[in-house]
Structures are given as structure tokens and as C-alpha cells.
Amino acid sequence: MKKVLTFSLLLILGLAASQVLPGFLGERYPAFRNVSTTLLYICLSFIMINVGREFEIDKTRWRSYAADYFIAMATAAVPWLFIALYYIFVLLPSGYWSDAEAWKENLLLSRFAAPTSAGILFTMLAALHLKQSWMYKKIQVLAIFDDLDTILLMIPLQIMMIGLRWQLFVVVFIVFLLLWIGWKKLNSYDLRQEWWAVLLYAVAVFGITQLVYLASKHFYGEAGSIHIEVLLPAFVLGMAMKTKHVDSPRERRASSGISFLFMFLVGLSMPLFLGMDAASAANASSVTGSQPMMSWGVIALHVVAVSFLSNIGKLVPMFFYRDRQWSERLALSIGMFTRGEVGAGVIFIAIGYNLGGPALVISVLTLVLNLILTGIFVVWVKRLALRTYTPDALPDTNC
């Protein structure tokens, strides 16, 4: 619980710093921003490698996972679509309801609501001695597929933002190549998996993606450059590594520290929105960024509404697995409420396309609210699990 609250606090501190540092640093701010962005991508790569390491399936039984994948896909898609529709029809004036650019931007920005935080969820459920339950094993599969679906769907969304160019086909080829490698080489390579080794792999992944971008920019200019986000390459690298659970106080401190830094840097990457007037909004290059800022009271109401819609959308598993008791299915669905690093990564990618305005602020604060509520969600999951498992099967943790 302390880790989750720290995530929220650091995200808020980063958000506050993002509004102060541009004026404080002045001409030095662009150089500072480049360094913080580089660190953010490396941290995101580190996190996604660890998510990929959790991807453990029996390839001989791949058909049995098909139903789980489609349930996970629906669990990610429903909250995403709910939020996209809310952003379009509630936050934007009616003149934008049929605007293609508005739809593209909000479909990308609202994707933050899709991924479940696998790392936070698994850690907290394991601490409650639920690892041997059906719910834990099923939620482990759904949460990983949920993250995978988020990563894959980001590809066409980013293609929509870039437009139809020959670089599009290069990106699609690289995506399918990475997916093929990930499947063929799943859990194949016996690599070191201490935190420092994973961090070195993260630096290498970022370096390679950056090299592709800089080389294509050199030959074809900024408009013709090839952008490959670190999400999928890092995830595939984690998939290809033989799973080793390196667990020690030092490992936990280092991994948590990198995750803490990532959440602070996500907040730090937010564009300047305090004091934003109608004139500065009109000069914005995106539909979302051109919207005037709302009062904090109105933003708070939208944060509550968006949180409610995103969590209602995560109840999809309730309508499946009918051979299990309703309390297990409800616990499974509530477990999917948790948000974390991958959702924050989606918000950061959206910022890279100059998306901003009140929708961005609402997205960040919704993430903060769900992080704060994560402890409540997990305790709720435990109480529902107790309706199915006897005290002998589920040890008392005094929670």
C-alpha cells in the first residue's frame, strides 16, 4: 500500500514541478527536458521488460488461452471506448463531434484507461496469500494479455496519428517481426536478470529505437522519420528471457526506485497548463490542446466520472467464467481496476503528439485517483475471495 501511495505522490510532485520548472530554468529548460525524457524512456523500457518476463504460457496449450485473450481484450477495450466517447461528447464542443482529428487524438489519449497494473496487482495479491487461488492464476493471465493488447493497439493508433506513408509499412513489418520473435523465442534465453542487468537491457532497447529514429531523420527529415516506441521491443525482450524470480530486498528496492522515478518523470513531462488563457489555447497544434482550461472544481467532477466509467468497463470478466461463483468473477473484475506504469506510459506517448488541454490533466488525475484507491480495491478482492475459500485454504493476514 505504501508503494502505491508513493506512486501517486510522485506523480503529483512531478506534475507540480512541470508547471514551475519552465519559468525557473528559462533557456536551460529544453536541455533539461531532453535529459528527463531520455530517463523516462529508459525507465519505461525497464518496466516493460519486467512485464514481458511475467508472460509465462504453455505454448502447447495455446488454444486454451484464446478465450482468455479475447476476454482480456474486451476488458481493455470497453473502458477505453467509454472514456473516448466521454472525452468527445462531454469535454469537446459539438462542433468537434464529427471531426476526424478530434477522434484520433481522443482515441489515443483515452487508451490510458485500458491497461491493468500487473506488477502492483500481483505483488499485493501475493502478499494476501492468494497465489494458489483460481482468481490469482486467472487474473495473472488476463492482466498480462490486457497489457499486451494495449501495446498492440497503440500501433494502429499511432499510425493514425502519423498518416499513411511508406514508413507506416516499415513500422508494421517491425511489429510483426517482433511478435514472431517473441512467440518463437518465448522463455528461450538464459540472460542475467538482476535489476542492473535489466536496466542495461533497457538502455540498449532505447538506444536502438533512438538510432532508428535518428538515422531515418537524417536521410528523410523529421516528417519522414521512423518512430518505434520502446513498449513493444522491451516487452518482447522480456518474453524471450527465461523467467527467473530474482527476489531480494536489494532487488525490490532497486526496481521500486526505478518505478518511482518513472512516475515522477511522467508528471514532470506534462505540458504547461497553469495560467493557460484562450489565446495560448488557440495557438495549440492539437484539438485537445486548443481547449480552454477548466476550473479545478469542474476538473474534479470529470476525474470522478472518468474513474467511474473506466472501472465499470473493467467489469467485463463478470459476464464470463460462468462455472465459477459470482464472488470469484467479481473479485477477478475488481482486481483489474488497478492502474500503474503502463497507463502512465500511454499518457506520456500521447504528450509526444502534442495532445494536452483539460483532457490530459483529467487523465493524469484519474490515474492518481485510481492509484490511491488500489489498496481499497485489493482489500475488496480479498473479502470476496474469503466467500469462496475457507480459512484453512486462505491464511489469515490480519488485513
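With each label modelled as a point 7 angstrom along the Cα→C-beta vector, the TYR65-LEU191 pair spans 1.8 nm. Cross-link check: pairs LYS185/LYS242; LYS185/LYS244; LYS138/LYS382; LYS137/LYS184 evaluated at a Cα-Cα cut-off of 19 Å; pairs beyond the cut-off: LYS137/LYS184.
Overall, the accessible surface of segment 169-241 at a probe of 1.4 angstrom is composed of carbon and sulfur to the extent of 74 percent. Note on ASN354 and LYS244: the model spin-label points, each 7 Å out from Cα along the C-beta direction, lie 4.7 nm apart. Give me the net charge for the shell around TYR321: Cβ to Cβ below 14 angstrom, other residues only, Lys and Arg +1, Asp and Glu -1. Every neighbour counted, the sum reads +2.
Farthest towards the positive end of the charge dipole of segment 4-60, among the residues GLN19, THR6, ILE47, is the Cα of GLN19, using unit charges on the Cβ of Lys, Arg, Asp and Glu. Each peptide in 108-115, 199-206, 90-97 gets a packing score, the mean of other Cβ atoms within 10 Å over its residues, and the list from highest to lowest is 108-115, 199-206, 90-97.
Kirkwood hydrodynamic radius of segment 148-206, from the reciprocal of the average inverse Cα-Cα distance over all distinct pairs: 13.7 Å.
Summing charges over neighbours of TRP195, with a neighbour being any other residue whose Cβ is under 14 Å away from its Cβ, gives +3 when K and R count +1 and D and E count -1. Other residues within the sphere of radius under 12 Å centred on the Cβ of ALA240, judged by their own Cβ, net out at +3 (K and R +1, D and E -1).
The values are calculated or read from the model by the stated rules, or taken from the named source; none is laboratory data. Computed from a predicted structure; not experimentally measured. Using ideal geometry, Cβ is built from the backbone for each residue, glycine included, and neighbour counts are taken over all protein chains shown. The protein model used for the area step is the full one, side chains on, heavy atoms only, and it has no ligands, DNA or RNA in it. Shrake-Rupley method; radii C 1.70, N 1.55, O 1.52, S 1.80 Å.
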